[in-house]
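The block underneath contains the structure these notes are about, expressed in structure tokens.
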Amino acid sequence: MDACGVAQGGNTPLLRAAESGHTAVAELLLLHGALHVANHDGNTPLGRAAALGHVKMAKFLVRSGGAVSSGNKVGAVGDARWCVCVLVAHAPGVMLCALAARRDAAAAGGRQ
């Protein structure tokens with residue numbers, strides 16, 4: 001299994017699993033070394049799951065280390081905003097996103 005393979009446009013198997021909402025596949029990919037990386041347009045697996053409304057997948061990706069503060073190169077709304085707007089009905093999701101945003105800011109030296 002090539003969990004880190006990259007297709008045209010920089011799309012990884014993890015990004016494709018996230019877009020499709022296949023959480024079990026994403027979990028297997030991460031267990032086999034897949035990384036939370038953006039494609040050539042700056043789309044991350046978490047960002048794509050968020051944009052397509054895959055709540056379970058988005059929560060899983062946040063828990064597994066996906067950055068919530070990134071956007072893409074074409075000006076789409078960043079993941080953190082999506083978490084606040086869409087997961088508001090899922091209070092544990094909002095808390096999870098807030099904690100992940102703080103984790104990402106700390107990793108970036110306090111920059112958001």
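The values are calculated or read from the model by the stated rules, or taken from the named source; none is laboratory data. Just so it is clear, the structure is predicted and the values come from calculations on it, not from any experiment. Cβ: placed from backbone, ideal geometry, glycine included. Neighbour counts: every protein chain shown.
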- Hits in segment 32-47 (condition: assigned to a helix (DSSP H, G or I) and either modelled with pLDDT of 95 or more or farther than 14 Å from Leu61 by Cα (or both)): none
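Suppose the filter is touching a Cys at 6+ places or on another chain (Cβ under 9 Å), in contact (Cβ under 8 Å) with a residue 12 or more places away in the chain, outside any helix (DSSP H, G or I) and buried (at least 22 other Cβ atoms within 10 Å of the Cβ); does Ala50 pass it? Before you say what the answer is, go through the steps one by one.
Details: touching a Cys at 6+ places or on another chain (Cβ under 9 Å): yes; in contact (Cβ under 8 Å) with a residue 12 or more places away in the chain: yes; outside any helix (DSSP H, G or I): no; buried (at least 22 other Cβ atoms within 10 Å of the Cβ): yes.
Taking the combined requirement at face value, the residue does not satisfy it.
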- Message: I'd like the full set of residues that are closer than 18 Å to Ala7 by Cβ and either within 11 Å of the chain's Cα centre (by Cα) or of a type in the set (Val, Ile, Thr) (or both), limited to segment 27-59.
- Response: Leu35, His36, Val37, Ala38, Asn43, Thr44, Pro45, Gly47, Arg48, Ala49
